[in-house]
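The values are calculated or read from the model by the stated rules, or taken from the named source; none is laboratory data. Keep in mind that this is a model prediction, so the values were computed, not measured. Every residue, glycine as well, gets a Cβ built from its backbone with ideal geometry; the counts of neighbours run over all protein chains shown. Keep in mind that these areas ignore ligands, DNA and RNA; they rest on the heavy atoms of the full protein, side chains included. Shrake-Rupley method; radii C 1.70, N 1.55, O 1.52, S 1.80 Å.
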Amino acid sequence: MAREDAVQKEKVAIIGSGNWGTAAARIISGNVTRHPNFHSEVKMWVFEEIIEDRALTEIINEQHENIKYLPGFKIPENVIADPDLLNTVRDATILVFVIPHQVLCDQLKGNIHPKAIGISLIKGCDTDETGIRPISLILKEALRIHICTLSGANIANEIAEGKFTETTIGYKIREEGELFKKLFETSYYRVGIINDVIGVEMCGALKNVIAIGAGIIDGLKMGNNTKAAIIRIGLLEMKKFIKMFYKNIKDETFFESCGMADVITSSYGGRNRKVAEAYVTTGKSFEQLEKELLGGQKLQGTLTAKEVCAMISRKGLENEFKLFIAIYRIAFEGLAPNKIFDAIVD
Ligand SMILES: NC(=O)c1ccc[n+]([C@@H]2O[C@H](COP(=O)([O-])OP(=O)(O)OC[C@H]3O[C@@H](n4cnc5c(N)ncnc54)[C@H](O)[C@@H]3O)[C@@H](O)[C@H]2O)c1
Ligand SMILES: O=P(O)(O)OC[C@H](O)CO
């Protein structure tokens, strides 16, 4: 049966309310009122915290602004913030996952709508004894739902400002990819869809490692040519890694917004780049700089570098991924930042 017949009005729940989660809520809240497929109310799960004696949830619902993670941008009134995860997802037929991947929700198991499908906006991965596990796979297996992925050159604040942006949705079932396109696309946020769930997702995870490399180059005060070299070599390692470890990855994916374009934007404007630059110039740890520079937002790239390099080392492939390994050793093993050049000179 076509999904449109099985579910007449899709109800959307957004799991996460950080910088991107809140910017995404602004987009979704407009689209659900425009398209007949959707119920006009959108629930958003908030990891509750107290800000100046008030609960963040209360601030969002009364002031219609996430003053901590996306200050200065109004959240439409059809977005209802809720600190109770299970209450947020109770009737939802569409689950939008947009939390830092360190904090995935086991609680959801067995507590979601039988017809629910999901989309992961998360840029990261997880590991177990078998190696790297894409988050979409973990969600799919744990919750027994179909999962699409959305990733692209998407700095949340620029999207919140309405600046022209592209993104990519990876789908397995085209109808679901098209439904999610309706949920996300606006005049300034253009969505491409491709039959490659894991390719889209893994580009979003690995580009964060390259962005750390770009930040190291900025910290060393090298110029644009050097950064372009890091981007080029990083892209090659990203493609090699993804194609080596996952099946049926499409070459075209690397030319979508989730591929090359996200590596570029992250290497110039992302948080991973910013913190890596400060790591080189201050000598403080990534952990400390994350706290000092990001106002509660989270870095994804350091953990991903650790996970990716553990997998590379386990397989004895260090010589195939010299840049990823150098970035990891600079970030975690005290390797001097200028040693990054040893990885990019043949
Ligand atoms: N910010 C961006 O520009 C951007 C763009 C595209 C994709 N992403 C990806 O989206 C995902 C979410 O990032 P974000 O920018 O929305 O988040 P963020 O880094 O701005 O915010 C951190 C969020 O984590 C929550 N949190 C902190 N500790 C928690 C805990 N123990 N349990 C549950 N939640 C907790 C906070 O409440 C906050 O909502 C990440 O995978 C990120 O890589 C971010
Ligand atoms: O700020 P970053 O480094 O987490 O990157 C943000 C987005 O993923 C850019 O597309």
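If you line up the Cα atoms of the chain on their principal axes, what length do they span on each, largest first, in Å?
Principal extents (largest minus smallest coordinate, Cα): 58, 48, 38 Å.
PRE reach from residue 317 (point 7 Å along Cα→Cβ): which of segment 214-241 fall under 17 Å by backbone N?
Label zone hits: 233-241.
Report, to the nearest 10°, how far helix 174-184 tilts away from the longest principal axis of the Cα atoms in the chain, using its own Cα long axis and a range of 0 to 90°.
Computed tilt is about 90 degrees.
With 10 Å bins from zero, work out the P(r) of segment 199-343 over every alpha carbon pair and list the percent per bin.
P(r) for segment 199-343, in whole percents per bin: 12, 47, 34, 7, 0.
In debye, nearest 20, what is the charge dipole magnitude of segment 1-118 about its Cα centre with +1 on Lys and Arg Cβ and -1 on Asp and Glu Cβ, if you could check?
Working: 12 positive and 16 negative charges, 100 e Å.
In total the dipole reaches around 480 debye.
Which residue, 303, 293, 183, tops the fluctuation ranking in a GNM of the chain built on C-alpha contacts under 10 Å?
Of 303, 293, 183, the Gaussian network model singles out 293 as fluctuating most.
Please list 330, 80 from largest to smallest accessible area, probe radius 1.4 Å, with all protein chains kept in place. Write down the numbers at each step before the final one.
Details: 330 0, 80 55 Å².
So, going from the largest accessible area down, we get 80, 330.
Students often forget the sequence filter, so: which lysines lie under 26 Å Cα-Cα from residue 9 once same-chain residues fewer than 8 apart are removed?
Of all the lysines, those that pass the test against residue 9 - Cα under 26 Å, at least 8 places apart if same chain - are 43, 74, 109, 115, 140, 172, 181, 182.
How about segment 305-346: which trypsin sites (Lys or Arg not before Pro) there lie in a loop by DSSP and see at most 15 other Cβ atoms within 10 Å? It would help to have the intermediate numbers written out before the result.
Working: sites: 306, 314, 315, 322, 329, 339; in loops: 315.
Hits after loop and neighbour filter: 315.
Taking a ≥ b ≥ c as the square roots of the Cα gyration tensor eigenvalues, with a/c under 1.5 meaning rounded and otherwise prolate when a/b beats b/c, else oblate, which class fits segment 3-195? Write out the running numbers ahead of the final one.
Values: a/c = 1.31, a/b = 1.17, b/c = 1.12.
Verdict is rounded for segment 3-195.
As a quick test, which of the pairs 68/306; 163/243; 163/322; 68/322 have an alpha carbon distance above 30 angstrom in this structure? Write out the running numbers ahead of the final one.
Working: 68/306 28 Å; 163/243 32 Å; 163/322 36 Å; 68/322 38 Å.
Too far apart for the 30 Å limit: 163/243; 163/322; 68/322.
Taking the chain as the reference, fit the longest principal axis to its C-alpha atoms, fit the long axis of helix 19-34 to the helix C-alpha atoms, and give the angle between the two in degrees, 0 to 90, nearest 10.
Helix 19-34 and the main axis of the chain meet at about 40 degrees.
How much of the accessible area of segment 3-195, probe 1.4 Å, is carbon plus sulfur, in whole percent? Intermediate values should be presented prior to the final figure.
Working: 3930 of 8280 Å².
Answer for segment 3-195: carbon and sulfur cover 48 percent of the accessible area.
Select from 200, 139, 270 the residue farthest towards the positive end of the dipole of the chain; place +1 on Cβ of Lys and Arg, -1 on Cβ of Asp and Glu, and compute about the Cα centre.
Of 200, 139, 270, it is 200.
Check the straight Cα-Cα distances from residue 239 and name the aspartates and glutamates below 18 Å, setting aside those fewer than 8 residues away within the same chain.
Here the aspartates and glutamates satisfying the reach criterion relative to residue 239 are 196, 201, 251, 252, 256, 262, 307, 318, 320.
Set the Förster distance to 41 Å, then compute FRET efficiency between residue 1 and residue 52 from the Cβ-Cβ distance, nearest 0.05. Working shown, then result.
Numbers: r = 50 Å, r/R0 = 1.22.
About 0.25, to the nearest 0.05.
Taking the 0 to 90 degree range and rounding to the nearest ten, how far is the long axis of helix 322-332 tilted relative to the main principal axis of the chain, both from C-alpha atoms?
80
Counting only heavy atoms of protein chains, what accessible area per residue, in Å², does the chain have with a probe of 1.4 Å?
Working: 15050 Å² over 346 residues.
Per residue, the chain has an accessible area of 43 Å².
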